[in-house]
Amino acid sequence: MYNHLAPYAVSDTNSRGRRIHENPPTGRSQFQRDRDRVIHSTAFRRLEYKTQVFVNHEGDLFRTRLTHSLEVAQIARSIARNLKLNEELVEAISLAHDLGHTPFGHAGQDALNHCMKDHGGFEHNLQSLRVVDVLEERYARFDGLNLCFETREGILKRATKSKAQTLGELGERFLRGRSTSLEAQLANLADEIAYNNHDVDDGVRSGLITLAQLEEIEIFARHLHQVKQDYPNIAEKRLIHETVRGMINTLATDLTVQSKAHIEAANPNSPDSAREMPVLIGFSDTIKHQQQELKRFLHKNLYKHYQVMRMSNKAHHIVTKLFSAFESGPTLLPFKYQHKFSDYGHQAIADYIAGMTDRYAIREYRRMFAIIED
Ligand code: MG
């Protein structure tokens, strides 16, 4: 099944396995099983109603966390195949990487982190891991999804040293300053390619940023002019799509070529030897700088756009109000979370709020605070 994989790729044979022993799957690989478990999880279905920049009800045309995760998986898989990495593992990581996100994207996470500041804070990477390790309640023999080490390693992109100390085997790399598997490195950069480009696309289609503004950005301008030159009479909608498509292609190609060169030079002979090396999956310096320019642009002109800030402000208000109401009156929590509150304390409130979709959080806010419900 794995004869197409390079020696530095993660495989069923070199995997560190699952926390709770299970018989190997028949007819599919361990990482296909992980991917399948992610797809069947409750948290995965909720991604459809969670957003990053645009709140779900603002329009049906914008990306949700679900479509974002699918785009990340698509980009990561094509590159994985070219690098002879484990495509099923990058897919599982990509589909799972945002499972722990709060409603309302970063505004929701920042608010929840603030609410949890005296109780260990809140970080969506750690929460994604908590979803797959603890919170999913589907299997008879264990909590969570009992995923392989390598999938969990890929989900946990970041951790502080103090958190890492509580994470056992998974925390080691943060304490010892080691890298992740190449598959995890790849999924991380595929995430970056996906969100930068779809935020450009959604941003332009929403009217919050314009093509004229984007023409100041080198990587965008280059692709835009190419499309205009090839198709002088192209309609704007197609022009945007062709430009974004060109950028994704350039980034994915650059990442493939550069990473291939890094891998050839370092020549890791196993996933563990790759973990001992500096990060090998990466862009060329030129592309890295162009990506950073685009990121800065998006930050300034889209994420800080007053219309987005108004929504972020509302999100902050909703999350903070819900949290403080539950904190001062845990009996307001649904029974299930009241029980969890006695076991986990404030973390149970964070779990409840983080699990909400945008629209559920808005409804819950109304149920809690509207004197007359409409
Ligand atoms: Mg993401």
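The values are calculated or read from the model by the stated rules, or taken from the named source; none is laboratory data. Bear in mind that the values here come from a model prediction, so they are computed numbers and not experimental data. Because the Cβ atoms are built from the backbone with ideal geometry, glycine has one as well, and the counts that use them run over all protein chains shown. Heavy atoms of the whole protein, side chains included, go into the accessibility calculation; ligands, DNA and RNA do not. Shrake-Rupley method; radii C 1.70, N 1.55, O 1.52, S 1.80 Å.
On the given criteria, is I371 farther than 24 Å from S128 by Cα and open to solvent by 20 Å² or more (accessible area, probe 1.4 Å)?
Yes, satisfied.
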Condition check: surrounded by fewer than 16 Cβ atoms within 10 Å (Cβ to Cβ), at pLDDT 95 or above, of a type in the set (A, V, I, L, M) and away from the ligand (no atom under 14 Å from the Cβ). Does I20 satisfy that? yes
So which of I240, I217, I248, I193 ends up being more than 16 Å from the ligand (Cβ to nearest atom), closer than 18 Å to K288 by Cα and surrounded by 18 or more Cβ atoms within 10 Å (Cβ to Cβ)? I217
Quick count over segment 83-118, residues being at negative phi and either of a type in the set (G, A, S) or touching a Ser or Thr at 6+ places or on another chain (Cβ under 7 Å) (or both), is 20
Take T51 and tell me if it is assigned by TED's automatic domain parsing to the domain that holds I209, of a type in the set (S, T, N, Q) and either away from the ligand (no atom under 16 Å from the Cβ) or open to solvent by 40 Å² or more (accessible area, probe 1.4 Å) (or both). no
All-but-one check, Q290 against (1) surrounded by fewer than 18 Cβ atoms within 10 Å (Cβ to Cβ); (2) over 23 Å from A43 (Cβ atoms), failing number (1)
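Condition check: in the same structural domain as H198 (by TED's automatic domain parsing), in contact with a Gly (Cβ under 8 Å, 6 or more places away or on another chain) and over 26 Å from F283 (Cβ atoms). Does L145 satisfy that?
For L145, the condition - in the same structural domain as H198 (by TED's automatic domain parsing), in contact with a Gly (Cβ under 8 Å, 6 or more places away or on another chain) and over 26 Å from F283 (Cβ atoms) - is not met.
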Of all residues making up segment 119-155, the number that are free of Cβ contacts under 8 Å to residues at least 12 places away in the same chain and either in contact with a helix residue (DSSP H, G or I) (Cβ under 6 Å, 6 or more places away or on another chain) or at positive phi (or both): 2
Tabulated pairs, segment 171-185, first more than 12 Å from R152 (Cα to Cα), second hydroxyl-bearing (S, T, Y), C-beta under 9 angstrom, 6+ apart or interchain: R173/S179; R173/T180; F174/T160; L182/Y8; L182/S259; Q185/S179; Q185/S259
Only one of (1) assigned to a helix (DSSP H, G or I); (2) in contact with a Phe, Trp or Tyr (Cβ under 8 Å, 6 or more places away or on another chain) fails for E264. Which number is that? (2)
Out of all the residues in segment 335-354, which are open to solvent by 20 Å² or more (accessible area, probe 1.4 Å) and modelled with pLDDT of 95 or more? H346, Q347
Count - residues of segment 65-93 that are within 16 Å of the ligand (Cβ to nearest atom), under 21 Å from G17 (Cβ atoms) and not charged (D, E, K, R): 3
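Quickly run through segment 347-374 and pick out the residues that are hydroxyl-bearing (S, T, Y) and within 25 Å of the chain's Cα centre (by Cα).
Y352, T357, Y360
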Selection over segment 94-136 where residues are open to solvent by 20 Å² or more (accessible area, probe 1.4 Å), part of a loop (DSSP other than H, G, I, E, B) and either within 16 Å of the ligand (Cβ to nearest atom) or of a type in the set (F, W, Y) (or both) yields a count of 1
